[in-house]
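Chemist: Next up is a structure, given as structure tokens.
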Amino acid sequence: MIQQQPHIRSVSKFNVLAQPTRPMSIDDSVLTRLAGLSNQEQWILFTAECPRPDFDQFSSYKVSCTKIIQMKPSQTLSELEIVIKAIKSGNASAVVASNDITNIDQVLLRSLGRQYQCEVFFVEGSTHKYH
């Protein structure tokens with residue numbers, strides 16, 4: 001039987017922030033706002049189309065990384081539909097989606113977010129990292 005190291009047991013294999021990543025291209029003002037929102041009871045949800053959140057980057061802005069979840073990709077729903085469901089669930093203080101969502105839909109999502117007290121942010125999607 002293989003013994004687990006004591007320091008490894010405390011890190012969940014499902015914790016996306018426990019794995020090394022590159023810093024996300026995200027405005028300082030957004031990180032500052034996410035830090036404030038992470039003090040609420042709800043989650044900060046990232047869509048699967050966003051780059052994986054980086055622990056060092058977020059913790060340097062004092063974002064409570066225990067409140068961040070990156071959602072799994074959906075087999076049936078578009079990113080737009082996932083963001084709508086996340087907002088309407090009432091479980092998120094913020095949803096971060098890729099900017100692959102059209103500008104018109106971004107405006108509509110922000111409006112929907114205001115109705116549910118959920119802020120919506122858009123970052124460069126992970127599919128644009130070819131250069």
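Chemist: Ordering Ile69, Ile104 by how much accessible area each has at a 1.4 Å probe, largest first, what is the list?
Modeler: So, going from the largest accessible area down, we get Ile104, Ile69.
Chemist: Only Cα pairs under 8 Å and at least 6 apart count here; give the relative contact order of the range 20-78 as a rounded whole percent.
Modeler: After rounding, I find 42 percent.
Chemist: Any idea what the dipole of the range 48-131 comes to, in debye rounded to 20, about its Cα centre with Lys/Arg Cβ at +1 and Asp/Glu Cβ at -1?
Modeler: 300 debye
Chemist: Let me see the pair-distance distribution of the range 67-119: every alpha carbon pair, 10 Å bin width, integer percents in order.
Modeler: Binned Cα distances yield the sequence 24, 60, 16.
The values are calculated or read from the model by the stated rules, or taken from the named source; none is laboratory data. Since this is a predicted model, take the numbers as computed values, not measurements. Quick reminder, even Gly has a Cβ in these numbers, built from the backbone with ideal geometry, and neighbours come from all protein chains shown. For the accessible areas, the whole protein counts, side chains as well, though only heavy atoms, and no ligand, DNA or RNA atoms are used. Shrake-Rupley method; radii C 1.70, N 1.55, O 1.52, S 1.80 Å.
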